[in-house]
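Worksheet: the structure to be examined is printed underneath.
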Amino acid sequence: MRIVFSTLGCPGWEWGEIVAAAADLGYDGIEIRGIGKEIYAPSIELFSQAKAAATKKRLADLELEISCFTSACYLCDKQNQAEVLRISKEYIDTAQRMGTAYVRVLGDQVTQPQGEVDTGLVEENLCELAAYAAPKGVCVLLESNGVFAKSQLLAQVLKNIDSPYAGALWDVNHPYRFYYEQPQMTYENLKPYLRYLHLKDSLFIEGETVYKMMGEG
């Protein structure tokens, strides 16, 4: 297992600080949510056509990699479906350029389940993205987020798509907190599709998730 950290946790850091911390602390890589004030990774100059090779070389020299580009693309958004697919494909193109295996997408627009989602639309969009990603060697990951924190539902969507270029990102907090799943159950459901893991710790206080440092939840 390779261990990385997300830039979501260090929004005030410049790229040099991020890379130095990853190397100094013995991480294997970095997950990109954004850098500084720029949250849209395809717009970050470091990952552009002009700068990608130099960025990759610096990472390789430090034995680091970019493990995943975590988008905020909501595959349930029918009103903006064309735009969601366009942006998702830009993330896939960026991942290919950087030699990154994974792009994260979301099937629900909220973290904590609050209502029904058109799972058929999510499946349709993810199927299209997997087909787009396949020749680029990128796998699109649907996170256990919102209603898809119910691991059986997430597994069913991925089973229906049946593509090695569509997989599961298991955020360990959400199935446990919102559907009271034991980790063994979640693992068994997602095992055939599991590609990536987000580790978090939290407390559930007055109906709200309060994130804590690992071991304090």
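For region 72-103, the set of residues classified as assigned to a loop (DSSP other than H, G, I, E, B), among the polar types (S, T, N, Q) and open to solvent by less than 10 Å² (accessible area, probe 1.4 Å) consists of Thr100 only. Applying the set (1) open to solvent by 50 Å² or more (accessible area, probe 1.4 Å); (2) closer than 20 Å to Asp108 by Cα; (3) of a type in the set (D, E, K, R) to Lys212 leaves exactly one unmet item: (2).
Out of Gln109, Gln114, which single residue is touching a Phe, Trp or Tyr at 6+ places or on another chain (Cβ under 6 Å) and part of a loop (DSSP other than H, G, I, E, B)? Walk me through how you get there before you give the answer.
On the way: Gln114 fails: touching a Phe, Trp or Tyr at 6+ places or on another chain (Cβ under 6 Å).
That would be Gln109, the only listed residue that is touching a Phe, Trp or Tyr at 6+ places or on another chain (Cβ under 6 Å) and part of a loop (DSSP other than H, G, I, E, B).
Residue by residue through region 1-16, note down the ones that are assigned to a helix (DSSP H, G or I), out of contact with any strand residue (DSSP E or B) (no Cβ under 8 Å at 6 or more places or on another chain) and under 20 Å from Cys73 (Cα atoms). So that I can check it myself, show each step before the final result.
Keep residues of region 1-16 that are assigned to a helix (DSSP H, G or I), which gives 7-9, 15-16.
Filter again for out of contact with any strand residue (DSSP E or B) (no Cβ under 8 Å at 6 or more places or on another chain), leaving 9, 16.
Selection gives Gly9 alone.
Determine whether Gly120 is surrounded by fewer than 18 Cβ atoms within 10 Å (Cβ to Cβ), outside any helix (DSSP H, G or I) and out of contact with any His (no Cβ under 8 Å at 6 or more places or on another chain). Here the answer is no, as Gly120 does not meet what is asked.
In region 202-214, of all residues being over 17 Å from Gly9 (Cα atoms) and either touching a Pro at 6+ places or on another chain (Cβ under 7 Å) or assigned to a loop (DSSP other than H, G, I, E, B) (or both), the one that is modelled with the lowest pLDDT corresponds to Gly207. Could you list, in sequence order, the residues of region 128-145 that are out of contact with any strand residue (DSSP E or B) (no Cβ under 7 Å at 6 or more places or on another chain), assigned to a helix (DSSP H, G or I) and not aromatic (Phe, Trp, Tyr)? Of everything in region 128-145, those that are out of contact with any strand residue (DSSP E or B) (no Cβ under 7 Å at 6 or more places or on another chain), assigned to a helix (DSSP H, G or I) and not aromatic (Phe, Trp, Tyr) turn out to be Glu128, Ala131, Ala134, Pro135, Lys136.
Just to be sure I understand the filter: pairs with C-beta atoms under 9 Å, separated by 6 or more residues or on different chains, first member in region 104-116 and touching a residue at least 24 places away in the same chain (Cβ under 8 Å), second member part of a strand (DSSP E or B) and open to solvent by 60 Å² or more (accessible area, probe 1.4 Å). Which pairs pass? Going by the 9 Å Cβ cut-off, the qualifying pairs are Val105/Tyr74; Leu106/Tyr74; Gly107/Tyr74; Asp108/Tyr74; Gln109/Tyr74; Gln112/Glu208. List the pairs whose first member sits in region 174-201 and is farther than 18 Å from Pro113 by Cβ, whose second member is among the basic types (Lys, Arg), and whose Cβ atoms are under 6 Å apart, counting only residues at least 6 apart or on separate chains? Hits for this filter: Asp201/Lys212.
Apart from one condition, Gln109 fits all of (1) open to solvent by 10 Å² or more (accessible area, probe 1.4 Å); (2) more than 15 Å from the chain's Cα centre (by Cα); (3) modelled with pLDDT of 95 or more; the exception is (2).
Just checking, does region 176-187 include any residue being in contact with a strand residue (DSSP E or B) (Cβ under 8 Å, 6 or more places away or on another chain) and at pLDDT 95 or above? Yes, that holds for at least one residue. Note on region 17-71: residues that are part of a helix (DSSP H, G or I), touching a residue at least 40 places away in the same chain (Cβ under 8 Å) and either closer than 28 Å to Ala166 by Cα or not β-branched (Val, Ile, Thr) (or both) amount to 9.
The values are calculated or read from the model by the stated rules, or taken from the named source; none is laboratory data. Model, not experiment: these values are computed from the prediction. Positions of Cβ are backbone-derived with ideal geometry, glycine not excepted, and every protein chain shown enters the neighbour counts. For the accessible areas, the whole protein counts, side chains as well, though only heavy atoms, and no ligand, DNA or RNA atoms are used. Shrake-Rupley method; radii C 1.70, N 1.55, O 1.52, S 1.80 Å.
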